[in-house]
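Enquirer: Right, I'll just put the structure down here and ask away after.
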Amino acid sequence: MANESTTSNRLGQIDSDYQLVIIGGGIYGATLCWEAAHRGIKTLLVEQEDYACGASSNSLKTIHGGLRSLQSLNLKAVLKGIRERSIFLRIAPNYVKPLPCILPTSTSLMKSKPVVGMGLLLYNILNQLYIFASNDDNKIPRSRLLSRSKFFSRAANINPEGITGGALWHDAQVINTERMVWQFIRSAITRGATAINHASAIKHEHDGTKDRHKVLIRDQISGDEKTITTAAVVDASAAWNFIKHCLPESQHDKNLTFVKSVNIIVKKNIFDTAVGANIKAKDNSSRLYFFSPWRDCTIIGTWYLSENPYPEKSFSRDEASACINEINAAFSQPLLNIDDICNVHIGFLPAIKNQHGNTLTLDKNLISSYQLKDWSQQPGMQNMYSLRGTKYTLARHDAQQVIDQLAKTMQWKVTASRSDQLPIYQAMSATEKKHSLSADIINQLLTNYGLETEGLLEHIRNNPQSAELIPGTQHHIAAEIHHAVTNEQALTLSDLLKRRLAIGDRAPPDLMTAQYCAKVMQQLFSWSDDTVRKQISELYASYPECLLQRNNVTANTDPFALQPDNIKSA
């Protein structure tokens, strides 16, 4: 599947029988697919839209090191966070980097310097158990206390009231969470797994005589359908839509719902480190929000705005204004206005239904650890499971636990897990050879593609015109479009710009950027002009309307109003 450059006969490349079918291509489905494949389980992953298009792309891009679990003295959670942070730094060194973080200390006993200092001392001791990053650049420094002046040198303009100093520690940051998900899937493909996006599992039938499941797969692009058989099914999609389709409505869990979580992105670097600040809400209660530097922007969050079993991905100007007002209240003088927002990441996290209607406590209702539910007690649903998890940090660990459990239940002979040691696909530096590209472009290619960079450079040597910059960007070149389509299952313009090239993840791309990329994809896929219009309209429709109006672009903008000149083949 990974090398198919057209949308024809994608289902023809899927085998007829598997041991395991995974529904959902977010971080949990991706890590589960990698865990199963590298341990010898024949696996198919099916994603109805694109990989990492849901909650997996909505985060602070942070791999948490477990420090905050010290507040509740949950040492097991602390050690788990430390270990997973170290594993991510080792298996994906080009995607994951140490992230310095600071929090203010205060006169409150539990937030005072003596208490916080003892916590940092214990944290440093626990950190020594898991020091195995692959290079010196990814080593985690020791945590320490900061004086009041040192704190404000790193967090200027924070309201100084009650602050006595600060605590400095390191989590890790995933530069591109969407590509990280894809690379887990790509790693699984290299070990024999099959993965298909823009496809749905739409029908299920259990063959009791052979104890096998028949699953009907529909290609959402071509409309083609194919029935495959499998021994087990895990629905790792957030909404469990496949499992729900197999169950009578009376068996649906009425207590489960979704919390709308929001992180806003502002196009300025507010701080050089991630800074935690207590932000007061309208009722004078406060929550801790983080300001995390990311590329040339800052990600701020997380807000938990509403609860709904059937959520809609929307974000209004009023909601944006409320977030900005709360942020400004944490500073000695207003820092941001609504026009500073360049993008909004919206996700829906599984939660237990809120019984009190209090939106300020919605985060307390989130599922705190993964849940694997066995539906075998239901008629015809033997060896069918649903999986829920909420922490990007723990997805690899949880996938290992799930495959251990499935292998035991199904009596599969599997190899020992090595997902804590094996680098994910091409996650290392490439060998430099002669090229005419700038250092900034090469660094961007190495970060995103690792060893695959050499393949891109070879393509450029054979197609020199593909070295040209994509209009409206500084470091992205046309060859990346060809690579994403032919090697990374980018089937739509949104796939390309939001989750492969990372051009549209910080802000809606310029219209000339969208036009250029759509026209190149038109050449590769033989799209009609109407399809190009639809692709561009759907791209902009995926952003909140309040962001598009500022750029004089809407979902109904005519994509052919301003044609880019001289579009060359990538």
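Enquirer: Touching a residue at least 60 places away in the same chain (Cβ under 8 Å) and either surrounded by fewer than 21 Cβ atoms within 10 Å (Cβ to Cβ) or over 23 Å from Ile189 (Cα atoms) (or both) - does that describe any residue in region 510-522?
Expert: Scanning region 510-522, I find no residue that is touching a residue at least 60 places away in the same chain (Cβ under 8 Å) and either surrounded by fewer than 21 Cβ atoms within 10 Å (Cβ to Cβ) or over 23 Å from Ile189 (Cα atoms) (or both), so the answer is no.
Enquirer: Further, regarding this structure: Can Val181 be described as in a helix (DSSP H, G or I) and either touching a Cys at 6+ places or on another chain (Cβ under 6 Å) or free of Cβ contacts under 8 Å to residues at least 40 places away in the same chain (or both)?
Expert: no
Enquirer: Is it true that some residue in region 265-280 is surrounded by 15 or more Cβ atoms within 10 Å (Cβ to Cβ), farther than 21 Å from Pro509 by Cα, over 21 Å from the mean Cα position of the chain (by Cα) and at pLDDT below 85?
Expert: yes
Enquirer: While we're on this one: Could you grab the pairs with beta carbons closer than 8 Å, sequence gap of 6+ or different chains, first residue in region 485-500 and at positive phi, second one among the small types (Gly, Ala, Ser)?
Expert: Listed by first residue and then by second, the contacts come to Gln489/Ala2; Gln489/Ala195.
Enquirer: Output the number of the condition that Leu372 fails; it satisfies all remaining conditions of (1) at pLDDT 80 or above; (2) under 21 Å from Phe258 (Cβ atoms); (3) part of a loop (DSSP other than H, G, I, E, B).
Expert: (3)
Enquirer: Another question about this same structure. Given the condition in contact (Cβ under 8 Å) with a residue 24 or more places away in the chain, under 17 Å from Asp235 (Cα atoms) and not basic (Lys, Arg), answer yes or no: does some residue in region 61-84 qualify?
Expert: No, region 61-84 contains no residue that is in contact (Cβ under 8 Å) with a residue 24 or more places away in the chain, under 17 Å from Asp235 (Cα atoms) and not basic (Lys, Arg).
Enquirer: Still on this structure: Among the residues of region 527-544, what is the count of those that are over 21 Å from Cys342 (Cα atoms) and touching a residue at least 40 places away in the same chain (Cβ under 8 Å)?
Expert: 1
Enquirer: Any residue that is within 18 Å of the chain's Cα centre (by Cα), crowded, with 24+ Cβ neighbours inside 10 Å and within 26 Å of Ile264 (Cβ to Cβ) - is there at least one of those in region 66-81?
Expert: Within region 66-81, one or more residues are within 18 Å of the chain's Cα centre (by Cα), crowded, with 24+ Cβ neighbours inside 10 Å and within 26 Å of Ile264 (Cβ to Cβ).
Enquirer: Quick one: in region 314-330, which of the residues that are out of contact with any Cys (no Cβ under 8 Å at 6 or more places or on another chain) and surrounded by 18 or more Cβ atoms within 10 Å (Cβ to Cβ) is nearest to Glu545 (Cα to Cα)?
Expert: Here the residue is Glu319.
The values are calculated or read from the model by the stated rules, or taken from the named source; none is laboratory data. Treat the numbers as computed from the prediction; the structure is a model and nothing was measured. Glycine also receives a Cβ, built like all others from the backbone with ideal geometry; neighbour counts cover every protein chain displayed.
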